[in-house]
1. Compute the signed sum of charges (Lys and Arg +1, Asp and Glu -1) over the other residues within less than 13 Å, Cβ to Cβ, of residue B:176.
2. Working from the pairwise distances between different alpha carbons, so that the mean of 1/r is found and then inverted, what is region B:192-235's Kirkwood radius in Å?
3. Amide H of residue B:150: which non-local residues (sequence gap of 5 or more, or other chain) have their own amide H closer than 5 Å, using H built in the peptide plane?
4. What average number of partner chain Cβ atoms lie no more than 10 Å from the Cβ of the residues making up A:97-106?
5. Keeping every protein chain present and rolling a 1.4 Å probe, give me the accessible area per residue for the protein assembly as shown in Å².
6. What whole number of Å gives the distance from the Cα centroid of region B:25-72 to the Cα centroid of region B:89-131?
7. Let me know the shape class of chain A, please: from the alpha-carbon gyration tensor, a ≥ b ≥ c as square roots of the eigenvalues, rounded when a/c is under 1.5, otherwise prolate if a/b is greater than b/c, or oblate.
8. What FRET efficiency comes out for residue B:113 versus residue B:136 if R0 is 25 angstrom and r is the Cβ-Cβ distance? Round to the nearest 0.05.
Amino acid sequence: MAFYFDHKHQKLDNPAASVDNPGAIIAVWVAIFVGVIATIGVSLSHIGDSALIVHMLISAVQVGLVGYYWMHLNKADSLTWLTAGSALFIMLILFAMPLSDYLTRFLGGL
Amino acid sequence: MSANEGALKHHFEDIEQQRGAERLGMWMFLATEVLFFGGVFLAYTVYRIWYPKEWAAASGQLNVLVAGINTVLLLTSSLTITFAIRAAQLGNRKALMNLLAITGILGAGFMCFKAYEYNQDYEEGLVPFCKNFGKELVHDPDDHSKALSTFNDQWEKKGIAPQRIRLFMTFYFIMTGIHGLHIIIGIGAIFYLWYRAYMGWITADRYVGVEVTSLYWHLVDAIWLFLMPLLYLAGPHHGLHF
């Protein structure tokens, strides 16, 4: 714990008070690792084209864990959430628009 | 006044506002990175849906064992950099230096395996736009000294267009290449942090530099969690081999 200068008066600054729990850090690593094993298991299970969807779902959960716990979205302010959410929302548009064209061409032109 | 006086820049109200601004700046950069990679993933998605058979056949040529090892290395490096933030917050300089060094070494290990894999791809004639593409001999898995035919012949026999295999491999090299470039930049940033820690410049009140770098490193890790199944597990693999 230490004091810091805020241009007007001293305030307490205690970075040690907001450290992550080591058990939680390791639990996330184990969960992601289980996801990796599940990903490989799915690819060996001969479920065909559905494997792609299951793979992406597992990856999304893994990345969700990384973002929420390791990238500290669980402690982030609303502006950070807005920035992260904006990235996902714009990426959704990025995917939706071109795919709505490329993946419907077999239906023929207008 | 304590050493913390220097940590706070004059244009911030207080230290928490400054830390929030530093994190937000990195998150904004990461948002642009998501869109940068998103474009490549989009193109990949279109061709994977158009050419599923060729994508599966080409993916089956890649070394899934090396990809698995690299996944473990990268995931573990994300673990160690998260512990590095904790060490920085607690003011534990020695632990911080050790954890940053381990993170950097794991990242370097990832790139070493990637280099090995690229070399193997070249030797197997899987590098697009190289003269030997698809011309290398495929050996009998039971009797390695016995050559069966070339990759091209085998693909054509199965009704798979070698040009589409070439397209997949182009995606493979572009996606893993830009990801690898991000890893190299991340390793540089991590060793720079190590140097700062070594010099005693990262005190507990300046921990946010480690946290901001970890955000970038985690994003690189997150991208790999998508790349790995998309590139290496899109097709059947016949056992694990180096």
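1. -1
2. 12.4 Å
3. B:138
4. Mean inter-chain Cβ contacts per residue within 10 Å come to 2.
5. 49 Å²
6. Answer, in whole Å: 18.
7. It is oblate, given that a/c is not under 1.5 and a/b is not larger than b/c.
8. 0.70
The values are calculated or read from the model by the stated rules, or taken from the named source; none is laboratory data. Quick caveat: nothing in here was measured; it's all calculated off a predicted structure. When we count neighbours, we look across all protein chains shown, and the Cβ atoms used for this are built from the backbone with ideal geometry, even at glycine. Side chains included, ligands, DNA and RNA excluded: accessible areas come from the protein's heavy atoms. Shrake-Rupley method; radii C 1.70, N 1.55, O 1.52, S 1.80 Å.
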